[in-house]
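S.K.: There's a structure below that I have some questions on.
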Amino acid sequence: QVQLVESGGGLVPAGGSLRLSCAVSRVIFSIVPMAWYRQAPGKQRELVAQITSDGRTNVEDSVKGRFTISRDNTKATVYLQMNNLKPEDTDVYCCSTRVNSRTYWGQGTPVTVSS
């Protein structure tokens, strides 16, 4: 079964930066698309950014210009660089991939941005 493990979350002041990592195992990482989502308690899960197997990216308008998604196929890891963080970015961030029509999720890493 595909496994995803996020890390890098934490508490940061507004205007600060964090880099989230998601290590993926039990799949040929280089051929799978990856995505970052975020979700606050009681709210719907929100797509943040996506990256295809060949490196094409899409970042949602709400974070465009501040967040960047990237991947390192040699390390089977996808990253989310978050700059100029705002209090409204406070959420649990999860990575996700889709393999053979099945979606896999990590356990999430919490990000808290203080004002």
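The values are calculated or read from the model by the stated rules, or taken from the named source; none is laboratory data. Computed from a prediction, not measured in an experiment: that's the story for all the values here. Here Cβ is always computed from backbone atoms with ideal geometry, including for glycine, and neighbour counts include all displayed protein chains. Note: accessible area is taken over every heavy atom of the protein model, side chains too, but ligands, DNA and RNA are not part of it. Shrake-Rupley method; radii C 1.70, N 1.55, O 1.52, S 1.80 Å.
S.K.: Going by the structure shown, is Leu80 among the hydrophobic types (A, V, I, L, M, F, W, C), closer than 19 Å to Thr112 by Cα and in a strand (DSSP E or B)?
M.R.: So Leu80 fits the description; yes.
S.K.: Quick one: count up the residues across segment 1-27 that are open to solvent by 20 Å² or more (accessible area, probe 1.4 Å) and either of a type in the set (Val, Ile, Thr) or part of a loop (DSSP other than H, G, I, E, B) (or both).
M.R.: 9
S.K.: Could you tell me which of the residues Lys86, Lys75 is among the basic types (Lys, Arg), farther than 17 Å from Ala23 by Cβ and more than 11 Å from the chain's Cα centre (by Cα)?
M.R.: Just a single option satisfies the conditions, and that option is Lys86.
S.K.: Please state which of the following conditions Ser30 fails to meet, knowing it meets all the rest: (1) part of a strand (DSSP E or B); (2) closer than 23 Å to Gln1 by Cβ.
M.R.: All conditions pass for Ser30, except number (1).
S.K.: If you take the residues in segment 32-91 that are without any contact (Cβ under 8 Å) to a residue 24 or more places away in the chain and of a type in the set (A, V, I, L, M), which one is farthest from Gly106 (Cα to Cα)?
M.R.: Residue satisfying both the conditions and the ranking: Val59.
S.K.: Can you report the number of residues in segment 76-101 which are at pLDDT below 95 and either touching a strand residue (DSSP E or B) at 6+ places or on another chain (Cβ under 7 Å) or under 16 Å from Ala35 (Cβ atoms) (or both)?
M.R.: Qualifying residue count for the region: 3.
S.K.: Does at least one position in segment 102-112 carry a residue that is of a type outside the set (Lys, Arg), surrounded by 14 or more Cβ atoms within 10 Å (Cβ to Cβ), in contact with a strand residue (DSSP E or B) (Cβ under 9 Å, 6 or more places away or on another chain) and part of a loop (DSSP other than H, G, I, E, B)?
M.R.: The answer is yes, given that some residue of segment 102-112 is of a type outside the set (Lys, Arg), surrounded by 14 or more Cβ atoms within 10 Å (Cβ to Cβ), in contact with a strand residue (DSSP E or B) (Cβ under 9 Å, 6 or more places away or on another chain) and part of a loop (DSSP other than H, G, I, E, B).
S.K.: Would you tally the residues in segment 16-57 being in contact with a strand residue (DSSP E or B) (Cβ under 9 Å, 6 or more places away or on another chain) and at positive phi?
M.R.: Total meeting the criteria: 2.
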